[in-house]
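*Asks:* Below is a structure I'd like to ask you about.
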Amino acid sequence: MVIKRKRQVSIRDVAKASGVSLTTVSLILNKSDQRISDATRQRVLKAIDDLGYQPNRLAQGLQSRKSNILAILVPQLRHTFADVYFGELISGIYDVADDAGYKILLEAAGEEFVGTKRYLERFDRCFIDGMLFMGSNDEHEFVADLVGPDRPLMLVDNPRDKHFSVVCDYQTAGRLAAEHLLDLGHREIGFIHGAMDVQTARLVRDGFVEALKAAKIRLPEKRMADGLFTEQGGADAVSVLMKREPSLTAIFAGNDKMAIGALQRLLLDRKAIPNEVSIIGCDDIHQASYTTPALSTVRTPVYDVGRLACQRLIDILNGRRETCEEVLPVELVVRQSTSQRTPEKV
């Protein structure tokens, strides 16, 4: 059996049904109908309603220079959209965009997308009104092309100079983690960090190191390892650290995924947590409270960052503000993976 598709109603059908020109219908659709009589306008609107005509958003955007579409740009990583961190940011952005009547276009900053400057095309051909970029690093130099009112870019949870941004206070997050471990009496402390070409990873490190320095505690290179922002990376990094420094009594991981990986590896190595080694992470992802033992961490309001970044971008697009550099506060969350340094380690 052949199923015939219903023909889509066109602007020409509307013009014919209402007895006006294509230009008149177009002016009414794009709200540029100040010189058109109310009677004609009502006749065209009735024809649109009766025929069930759906305007082509892209075509309207090309005429009005406004598409009501925002692009979310993420780094080209494996399973990016399945990642809990990016998922929280995207959820926050989507919820605000949807409420404001904007659609979302997801893009990945892969080699072809950047090399062919497709990010410029999205703006220049009026496909999008604004872009939100999350997960940027020092190698993403193309963001310098996206400056100014014609190509509004919001950096989400990763600040760079001379760009609009909304970000968590990662330097304070590092400081809170260090102070928590120091208050518990720990002095032999290891640090699992993310990639140092990411500004937020450096901010976490700086806050952590400064707090240790204030307590006259050094953090030599041998007590630091790259956990690659992943569970497997955290597991491998903690093995390296414990082999180098078996006397370590506490570990801080720059995100919860690395902390969870480190926690599981230590348990497999028959280390008692927190009695032998305390573990603290950063982010407070949903899984952090369901590990055994539950993970102490520093809560970063990632979902709220996504919401605020989207709201600020929409405000800029609508002329309600001109700049945006906002930092959201963080909070220490103490659970069962950290405890007082045990006597045998003193």
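*Asks:* Given His193, His180, which one is more than 17 Å from the chain's Cα centre (by Cα), closer than 22 Å to Arg78 by Cα, outside the structural domain of Thr80 (by TED's automatic domain parsing) and in contact (Cβ under 8 Å) with a residue 12 or more places away in the chain?
*Replies:* His193
*Asks:* Mind listing whichever residues of region 13-23 are modelled with pLDDT of 85 or more, assigned to a helix (DSSP H, G or I) and either within 43 Å of the chain's Cα centre (by Cα) or surrounded by fewer than 18 Cβ atoms within 10 Å (Cβ to Cβ) (or both)?
*Replies:* Asp13, Val14, Lys16
*Asks:* Out of all the residues in region 67-108, which are among the β-branched types (Val, Ile, Thr) and under 19 Å from Gln311 (Cβ atoms)?
*Replies:* The answer is Ile69, Ile72, Ile90, Ile93, Val96, Ile104.
*Asks:* Out of contact with any Pro (no Cβ under 6 Å at 6 or more places or on another chain), farther than 19 Å from Ile93 by Cβ, among the acidic types (Asp, Glu) and in the same structural domain as Ala177 (by TED's automatic domain parsing) - does that describe any residue in region 222-231?
*Replies:* Looking for residues that are out of contact with any Pro (no Cβ under 6 Å at 6 or more places or on another chain), farther than 19 Å from Ile93 by Cβ, among the acidic types (Asp, Glu) and in the same structural domain as Ala177 (by TED's automatic domain parsing), one finds at least one in region 222-231, hence yes.
The values are calculated or read from the model by the stated rules, or taken from the named source; none is laboratory data. Small disclaimer: the values here were computed from a predicted structure and weren't measured. Heads up, the Cβs are rebuilt from the backbone with ideal geometry, glycines too, and the neighbour counts pull from every protein chain shown.
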